[in-house]
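Have a look at the structure below, then the notes.
The values are calculated or read from the model by the stated rules, or taken from the named source; none is laboratory data. No experiment lies behind these values; they were computed from the predicted model shown. Positions of Cβ are generated from backbone atoms using ideal geometry, with glycine treated the same way; all protein chains shown enter the neighbour counts. Quick note on the areas: whole protein, heavy atoms, side chains included, nothing else; ligands and nucleic acids left out. Shrake-Rupley method; radii C 1.70, N 1.55, O 1.52, S 1.80 Å.
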Amino acid sequence: TFWLNRIAHKRGGYIGRGAEIAGIPSLPHGLHGIYISRYASIGAGCRIYQNVTIGQAGGLCAPQIGDGCLIGANAVLVGGIRVGNGVKIGAGAVVSEDVPAYATVVAQPPRVLVREIA
């Protein structure tokens, strides 16, 4: 992860030196805006899109991500959660609870707020 961290800094991202990453993850949009906590663990064959945060929440607890996961753009994974193998996390989803293997996580449905014009 040392070289990934150096490259990430040049591209506006951060990969903590203690982060455990099995193999080289697929980064379709490069390291743009990607933050990975130094306590995180990412399995082999994961695909991570731009502006993803894999962070800790208090203490040394960070996500443990299984093999073959897809993490969509602007997704946030936070805390000492476990994400099973083959999980798909949709763009903009905020994940703070464990996710079983081969599940799909999506963001809340959007709400349209209409302002009446006088």
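A few remarks follow.
- Restricting region 31-41 to residues that are open to solvent by less than 30 Å² (accessible area, probe 1.4 Å) and over 15 Å from C69 (Cβ atoms), the residue that is modelled with the lowest pLDDT: L31
- Condition check for A93: modelled with pLDDT under 95 and within 21 Å of L27 (Cβ to Cβ): yes
- Screening I24 against (1) in a loop (DSSP other than H, G, I, E, B); (2) surrounded by 18 or more Cβ atoms within 10 Å (Cβ to Cβ); (3) among the aliphatic types (A, V, I, L, M) leaves a single unmet condition, (2).
- Checking each residue in region 68-118 for being at positive phi and open to solvent by less than 100 Å² (accessible area, probe 1.4 Å) picks out G68, N74, G79, G86, G92.
- Filter result (assigned to a loop (DSSP other than H, G, I, E, B), out of contact with any Leu (no Cβ under 9 Å at 6 or more places or on another chain) and surrounded by 17 or more Cβ atoms within 10 Å (Cβ to Cβ)) within region 42-67: G43, G45, N51, Q56, G66
- Scoring G30 on the criteria (1) outside any loop (DSSP other than H, G, I, E, B); (2) over 26 Å from P109 (Cα atoms) leaves a single failure, condition (1).
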